[in-house]
1. Could you identify the single residue in Gln18, Gln10 that is at pLDDT below 90 and polar (S, T, N, Q)?
2. Considering only residues of the range 62-87 that are in contact with an Asp or Glu (Cβ under 7 Å, 6 or more places away or on another chain) and part of a loop (DSSP other than H, G, I, E, B), which is nearest to Val163 (Cα to Cα)?
3. Where the second residue is of a type in the set (S, T, N, Q) and outside any strand (DSSP E or B) and the first is within 30 Å of Thr130 (Cβ to Cβ) and open to solvent by 100 Å² or more (accessible area, probe 1.4 Å) and lies in the range 155-180, which pairs have Cβ atoms under 9 Å and are six or more apart or on separate chains?
4. For Gly93, state whether it is loosely packed, with under 11 Cβ neighbours inside 10 Å, more than 23 Å from the chain's Cα centre (by Cα) and not in a loop (DSSP other than H, G, I, E, B).
5. So, of the residues in the range 145-154 that are in a loop (DSSP other than H, G, I, E, B) and open to solvent by 40 Å² or more (accessible area, probe 1.4 Å), which turns out to be modelled with the lowest pLDDT?
6. Quick check on this structure: which one of Arg139, Arg78, Arg86 is crowded, with 16+ Cβ neighbours inside 10 Å, more than 14 Å from the chain's Cα centre (by Cα), charged (D, E, K, R) and closer than 26 Å to Ala54 by Cα?
7. Quick check on the range 28-68: of everything there that is in contact (Cβ under 8 Å) with a residue 40 or more places away in the chain and of a type in the set (D, E, K, R), which residue is surrounded by the fewest Cβ atoms within 10 Å (Cβ to Cβ)?
Amino acid sequence: LKDERGDPVQGAMVGLEQWGELRHKLSWSARSDSNGGIEWDSAPPRVNLELYAAKDGWCIARVAGLKADTEEHVIRMRRALVVTGRVTDAQTGQPIPEVKAFPGYGGGEYMWERLDTRKGVNGSFTVHFTENSLPWRVRVEAEGYLPFVSEPLTPETGGWLDVALQPRDLRKAVRGVVLRPDGRPAAGAEVALLTLEHNVELVGTGLRSTSGLRWIENA
């Protein structure tokens with residue numbers, strides 16, 4: 001096991017996640033020595049192995065496609081990052097009472113890890129990065145404000161962010177009219193905001209959101 005500079009990582013726990021097609025069915029683990037080394041002398045040959053490495057203060061490293069052979073395999077580990085920050089109203093400069101922040105890993109439509117959402121009060125927040133998938137970003141949200149997305153972060157960039165959120169412009173809100181088939185207004189019809197992050201299901205004749213009722217409006 002080595003860090004970003006190539007130095008050995010001592011005392012990390014290395015374990016088995018998947019053995020061929022069997023995931024989390026078999027157990028094996030070992031702890032790295034002073035040289036960052038481990039040895040599994042009974043590993044099954046000619047089968048793909050998926051291993052993980054974990055240590056306090058470090059990101060979890062996951063490596064797939066390893067095989068027991070005569071080669072020495074290197075698992076790269078990265079130091080974890082804790083980001084704290086202060087969130088203010090961009091117009092008044094005052095702290096926003098309730099905010100939520102969460103980490104983003106890599107890129108694409110599924111980069112945001114909402115399961116790690118941390119709620120903050122009086123404009124303060126803390127986000128923990130524990131997965132070794134770059135780039136890292138922080139997303140900050142608050143009711144009535146446009147969301148903030150940070151630039152890519154690394155342990156070298158520091159762990160503090162000053163965030164100024166812009167209030168939402170209600171003039172740019174989505175508006176419309178729901179009509180029945182005969183052209184009459186459909187009073188009480190439910191209208192949902194559908195995004196990749198906020199799933200809404202049709203249950204019977206109504207809508208249900210796993211992200212909360214705030215994404216459903218009544219006409």
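The values are calculated or read from the model by the stated rules, or taken from the named source; none is laboratory data. Small disclaimer: the values here were computed from a predicted structure and weren't measured. Glycine gets a Cβ as well: all are built from the backbone with ideal geometry, and neighbour counts include every protein chain shown. The protein model used for the area step is the full one, side chains on, heavy atoms only, and it has no ligands, DNA or RNA in it. Shrake-Rupley method; radii C 1.70, N 1.55, O 1.52, S 1.80 Å.
1. Unique residue meeting the criteria: Gln18.
2. Looking at the filtered set, the residue picked out is Arg78.
3. Partner pairs satisfying both residue conditions: none exist.
4. On the way: loosely packed, with under 11 Cβ neighbours inside 10 Å: yes; more than 23 Å from the chain's Cα centre (by Cα): yes; not in a loop (DSSP other than H, G, I, E, B): no.
No: the conditions fail for Gly93.
5. Per the stated criteria, the residue is Thr154.
6. It is Arg78.
7. Checked the range 28-68; the qualifying residue surrounded by the fewest Cβ atoms within 10 Å (Cβ to Cβ) is Arg62.
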